[in-house]
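Report on one structure; see the data block that follows.
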């Protein structure tokens, strides 16, 4: 069994370009529980540190939209 060590060297966030996208990533075999699971290219995952659910802050904002309160209908 592979233990997920959050202090491991693999925790280091990959380099990013100006748009916040990863310039590199981790493969499925390198993926750990604290890695972002957003697919950046083919079989590469982001690999940044998880913020919420399974994504880093940038990819969480891309994948989840806050629900707006329904407009009250007045007759």
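FYI, it's all coordinate maths here, none of it is from the lab. Source: prediction; values computed, not measured. Note that each Cβ is placed from the backbone with ideal geometry, even for glycine, and that neighbours are counted across all protein chains shown.
Some notes on this structure:
- Residue count for the stretch 36-48, restricted to those that are under 10 Å from the mean Cα position of the chain (by Cα) and either buried (at least 16 other Cβ atoms within 10 Å of the Cβ) or touching a residue at least 12 places away in the same chain (Cβ under 8 Å) (or both): 8
- Residues in the stretch 49-72 that are in a helix (DSSP H, G or I) and under 9 Å from the mean Cα position of the chain (by Cα) were compared, and the one that is surrounded by the most Cβ atoms within 10 Å (Cβ to Cβ) is 59.
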